[in-house]
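Below is one structure, written out as structure tokens; comments come after it.
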Amino acid sequence: MTEIVVYEVSDGVATVTLNRPAAMNALDVALKTALAGALRRAADDNDVRAVLLTGNGRAFCVGQDLREHLALLDAGDPAPLSTVRDHYNPLVRAITELPKPVLAAVNGVAAGAGLGLALACDLRLAADSASFTTAFTRIGLTADSGLSWTLPRVVGLTRATELLLLSEVLDADRALADGLVHRVLPAAQLAAAAGELAQRLAAGPTVAYAAVKAALAFGASHDLASTLELEADLQGRCGVSADHAEGVAAFVGKRPPEFTGR
Ligand code: T3D
């Protein structure tokens, strides 16, 4: 049976591939549940030190499966939007709180919650054929999957408001200019470039990377004084890590560091 999410580990990188290509990786309950399981697996596996999220086929992810959603509406489901709390919120937190770098390789269109998942990732590489849209207001919905939090931080409030109200479709170059993605590559080179970057992150100081993620998330909604305190705590934790000792010894010894992720 074809797996709806393909999970592969190699050289410290867990590659998580959304695998409903015929449905443009639209998120039905099965895909959301399988994705949550894959993210949990990556978080729990000490041998995994970076995660790469991508899609199979011509889409990265077109967000909620609207056929499934329409069936709920037609059936008179009393809470058709309960998936936001049940699935989308936990998925976004699973990515943002995962104590390892998460890289999105946006291989095609990212729409609605698909864009939300991409923006929850720490780094985003995109194929030159990729496109991006918030999509929500076109179907009479507001932002979910964290976009009202991530999007203004990524593109600024003015542009985020425009993207959410108008739901225009951006091509990859425009997404790069807006800062939605870090790099755009020819489609044929995306997988290799993303794999290379993920491996570089997997060979890095995992404890320090986790601390960077935690500090940025905290600083985004706390004042400077509280953030300075958290930085001091986190730096204390990094300071006793094996990778800190290795990094300093390697610098002074004029050799490349060999980080072990501890
Ligand atoms: O439960 C809840 O609803 C709450 C949760 C909300 C989270 C969300 O994500 S809401 C937002 C849902 N997503 C969208 O509204 C995006 C809808 N899709 C589009 O706007 C466009 O398809 C795209 C801009 C993504 C891509 O356009 P294009 O021209 O490249 O492709 P297309 O021709 O529109 O679509 C190709 C096929 O994919 C088509 O099916 P067909 O005709 O080949 O059988 C289309 O219906 C299907 N498709 C695209 N998006 C979805 C979808 N099928 C189900 N759900 C989709 N989201």
Would you list 136, 259 from the most to the least accessible area, probe 1.4 Å? 259, 136
Calculated FRET efficiency for the pair residue 262/residue 66, C-beta based, R₀ 45 Å, to 0.05: 0.50
Exposure of residue 33 as accessible area (Å², to 10), given a probe of 1.4 Å and all protein chains: 80
Quick check on packing: order 73-81, 169-177, 207-215 by the mean number of other C-beta atoms within 10 Å, highest mean leading. 207-215, 169-177, 73-81
The stretch 39-53 scanned against label point 7 Å out from residue 212 along Cα→C-beta; backbone N under 17 Å for 49-53
What's the percent breakdown of Cα-Cα distances in the stretch 1-157 across 5 Å bins, shortest bin first? 2, 9, 19, 24, 21, 14, 7, 3, 1, 0
Kirkwood-type radius of the chain, with distances r between different C-alpha atoms, in Å: 19.2
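Largest first, what is the accessible-area ranking of 87, 222 with a 1.4 Å probe?
Correct descending sequence by accessible area is 222, 87.
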Using a 10 angstrom cutoff on alpha carbons, build the Gaussian network for the chain and name the most mobile of 62, 155, 252. 252
How high is the relative contact order of the chain, in percent, counting Cα pairs under 8 Å that sit 6 or more residues apart? 17
Radius, Kirkwood style, for the stretch 77-158 when every pair of distinct Cα atoms is counted (Å): 13.4
Suppose we look only past 22 Å in the calculated P(r) of the stretch 180-262. What percent of the Cα-Cα pairs does that tail hold? 45
In terms of the charge dipole of the stretch 1-114, which places +1 on Lys and Arg and -1 on Asp and Glu at the beta carbon, the residue among 71, 7, 108 farthest towards the positive end is 108
Probe 1.4 Å, accessible area per residue of the chain, Å²: 51
Tell me the label-point distance for the pair residue 255, residue 187, using the 7 Å Cα-to-Cβ offset, in nm and rounded to one decimal. 4.6
Residue among 107, 25, 56 with the largest mean-square fluctuation in a Gaussian network model of the chain, springs linking Cα atoms under 10 Å: 56
Prolate/oblate/rounded label for the stretch 164-220 (Cα gyration tensor, a/c 1.5): oblate
Largest fluctuation, 63, 12, 140 only, Gaussian network model of the chain with Cα springs under 10 angstrom, belongs to 140
Using a cut-off of 15 Å between alpha-carbon atoms, which aspartates and glutamates can reach residue 254, once sequence neighbours fewer than 8 places away in the same chain are excluded? 246
Reduced to Cα centres, the span from the stretch 193-262 to the stretch 56-128 in Å works out to 28
So for the chain: antiparallel DSSP bridges make up what percent, rounded to the nearest 5? 25
Can you list the equivalent-ellipsoid semi-axes of the stretch 54-108, largest first and in whole Å, using the square root of 5 times each Cα gyration tensor eigenvalue? 26, 17, 5
Sequence of 190, 230 from largest to smallest accessible area, 1.4 Å probe: 230, 190
In cubic angstrom per residue, the convex hull of the stretch 113-262 built on its Cα atoms measures 135
Calculate what fraction, in whole %, of the accessible area of the chain sits on carbon and sulfur atoms when a 1.4 Å probe is rolled over the protein chains. 57
Given C-alpha coordinates of the stretch 1-76, what is the ratio Rg to Rh with the Kirkwood estimate of Rh? 1.06
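The values are calculated or read from the model by the stated rules, or taken from the named source; none is laboratory data. Bear in mind the structure is a predicted one, so any value in this text is a computation, not a measurement. When we count neighbours, we look across all protein chains shown, and the Cβ atoms used for this are built from the backbone with ideal geometry, even at glycine. Please note that ligands, DNA and RNA were not included when accessible areas were found on the heavy atoms of the full protein model with its side chains. Shrake-Rupley method; radii C 1.70, N 1.55, O 1.52, S 1.80 Å.
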